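The values are calculated or read from the model by the stated rules, or taken from the named source; none is laboratory data. The structure displayed is predicted, hence computed values, not measured ones. For neighbour counting, all protein chains shown are included, and Cβ atoms are generated from backbone atoms with ideal geometry for every residue, glycine included.
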Amino acid sequence: NAGVMQNPRHLVRRRGQEARLRCSPMKGHSHVYWYRQLPEEGLKFMVYLQKENIIDESGMPKERFSAEFPKEGPSILRIQQVVRGDSAAYFCASSHNRGENEETQYFGPGTRLLVL
Amino acid sequence: AQRVTQPEKLLSVFKGAPVELKCNYSYSGSPELFWYVQYSRQRLQLLLRHISRESIKGFTADLNKGETSFHLKKPFAQEEDSAMYYCALMGTSYGKLTFGQGTILTVHP
């Protein structure tokens, strides 16, 4: 099992462009979580998805950010019209069942987004 | 609102010395607490969780509800323990982990 995969590992965008971050969960996992880590800060929860459903998006900015986890294919975190403040590391995690206390979240290596 | 505070950004100890990484939390209910670790050039991974009450790599952590703390301890630090450590909390919103800012532990030979 290759673990949680994220690509690209590094992404450079100019202000106003779109950024698409992909996350392939571990085999057999149907729950995906996205976290953002700004410089000098801890990871902050963004969104929790199941296949074709958004379960909790309480950490998502109201504008420009969206996430999906289709029936087939990876989960996508999409940032439209990026600004410099979006520069951060974006981590994806997955779990087999919903993130109950006994269910471990396995993290990917992260995508480091730099907005010029 | 839930919050996790790790007061020490950096912590340095010598090999063989005891180490304690502090974690305090704020949450109105009964949280589940975790410690995650990130070694150099590796991804974030779970170290231990309070409900399992186990010792991993010699580390233990006890949930103190009175002091709202979940400090990570190891009696004899090893060089390979050098890493970034994050304390995290899960409340009633399943799946949503709230992380502290992290503590970089350096164990000197």
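Results, tabulated for the structure shown:
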{"item": "Which listed residue, of B:Ser12, B:Ser55, B:Ser82, B:Ser30, is farther than 29 Å from A:Tyr48 by Cα, at pLDDT below 95 and among the hydroxyl-bearing types (Ser, Thr, Tyr)", "result": "B:Ser55"}
{"item": "Strands (runs of 3 or more DSSP E) wholly inside the range B:10-109 that include at least 2 residues being surrounded by 16 or more Cβ atoms within 10 Å (Cβ to Cβ) and either within 14 Å of chain A (Cβ to nearest Cβ) or without any contact (Cβ under 8 Å) to a residue 40 or more places away in the chain (or both)", "result": "B:24-26, B:32-38, B:45-49, B:83-90, B:97-99"}
{"item": "Set B:Leu21, B:Leu97, B:Leu47: member being farther than 18 Å from A:Gln105 by Cα and not hydroxyl-bearing (Ser, Thr, Tyr)", "result": "B:Leu21"}
{"item": "The range A:74-98 - residue that is among the small types (Gly, Ala, Ser) and closer than 18 Å to A:Glu18 by Cβ and, of those, surrounded by the fewest Cβ atoms within 10 Å (Cβ to Cβ)", "result": "A:Gly85"}
{"item": "Top-ranked residue of the range A:74-111 - restricted to ones that are out of contact with any strand residue (DSSP E or B) (no Cβ under 6 Å at 6 or more places or on another chain) and polar (S, T, N, Q), ranked as modelled with the lowest pLDDT", "result": "A:Asn97"}
{"item": "Flag if A:Lys71 is over 29 Å from B:Thr5 (Cβ atoms) and either without any contact (Cβ under 8 Å) to a residue 12 or more places away in the chain or loosely packed, with under 15 Cβ neighbours inside 10 Å (or both)", "result": "yes"}
{"item": "Some residue of the range B:88-98 being touching a strand residue (DSSP E or B) at 6+ places or on another chain (Cβ under 8 Å) and farther than 30 Å from A:Val47 by Cβ", "result": "no"}
